[in-house]
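Please read the structure below before turning to the comments.
The values are calculated or read from the model by the stated rules, or taken from the named source; none is laboratory data. Here the structure is a predicted model, which means the values were calculated and not measured. Every residue, glycine among them, receives a Cβ derived from its backbone with ideal geometry; neighbour counts consider all protein chains shown. SASA here: full protein model, heavy atoms, side chains in, ligands and nucleic acids out. Shrake-Rupley method; radii C 1.70, N 1.55, O 1.52, S 1.80 Å.
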Amino acid sequence: MPRLSEVIAALDALWPPSRAEQWDAVGTVCGEPDAEVTRVLFAVDPVQEIVDEAVELGADLLVTHHPLYLRGTTTVEAGTFKGRVVHTLIKNDIALHVAHTNADTADPGVSDALAGALDLRVTGPLVPDPTDPAGRRGLGRICELDHPETLREFAARAASRLPSTAQGIRAAGDPDALIRTVAVSGGSGDSLFEQVRAAGVDAFLTADLRHHPASEARERSPLALVDAAHWATEWPWCEQAAAQLDAISERRGWGLRTHVSRTVTDPWTAHAPSVTSPSTSGAPN
Ligand SMILES: [Zn+2]
């Protein structure tokens, strides 16, 4: 059985903490370095529901994409929801480790997993990491489809390949426009419009697109937008990460059991399709 410190060292080699953004909070949140690790659970969000799942599973290590504490704290009192998470983890001897922006820009990273889920061929990073001489690391990915699809078909592909959420898939653009090249970015992507336009792709698949950036992007170019739930765009990374740790475990004879949480932790839980146009909705008269 490997020690937690050995497993963390292997994870840090996949996603070096030094490559995280300065504002980010990655690495080990809690855990005993000398504790033995048998079961590892991968999930997007370190929320109570996931921690309870880790307890039920008998996991020794929970690896999440999102940090528990991004901005620091002065308390882990169990009456706070994050404090409750910390207490549950420590009482059950479960370590928590976070790989966030260091996993986004890794090779393979979060957007490779997103591209893989849709069977897209990655041609390179959308925002290359200047410190990578091979040019393989960076934020987002530029991809090609194996055959052109209409925006309608491509949105349907995203809806069928990504895990199901209440939001589903939103698209902006001519539904019959042909899509050959796509920029993808797991998580919130509307800060990347400039790079997406420069890449000259037909569509941009990401999450959390806001009204103004999306509206401006549509006015400036025929770029089609495909917006999925934030959680859904990052969940494929959990499977990719678990497979990476499985390969390491096999090589080193660790015998780790890895699991990927299927719990949907996207905060949006319901969706009501609109049925009225502006002329028929609103206050009477
Ligand atoms: Zn995210």
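Worth a mention:
- Per-atom-type breakdown for region 105-230 gives carbon and sulfur 49% of the accessible area (1.4 Å probe, protein chains only).
- 222 nm mean residue ellipticity, helices alone, for the chain (DSSP H n ≥ 4; -39,500 (n - 2.57); rounded to 500): -10000 deg cm²/dmol
- Nonlocal amide H pairs with VAL29, under 5 Å, H built at 1.01 Å: LEU96, HIS97, VAL98
- Calculated SAXS-style log₁₀ I(q)/I(0) at q = 0.10 Å⁻¹ - the chain, Debye, Cα scatterers: -0.57
- Within the chain, percent of DSSP bridges classed antiparallel, to nearest 5: 50 percent
- Farthest positive-ward along region 4-102 dipole, Cα basis, beta-carbon charges - from LEU14, ALA59, VAL76: VAL76
- For ARG39, distant residues with modelled amide H under 5 Å away: ASP60, LEU61, ARG257
- Rounded tilt (10° steps) of 230-252 against the dominant C-alpha axis of the chain: 40 degrees
- Note that region 11-169 presents 46 Å² accessible area per residue, ligands and nucleic acids not counted, probe 1.4 Å.
- P(r) tail, region 105-230: Cα-Cα pairs separated by more than 24 Å, 18% of all pairs.
- Region 4-102 - percent of accessible surface contributed by carbon and sulfur, probe 1.4 Å: 50 percent
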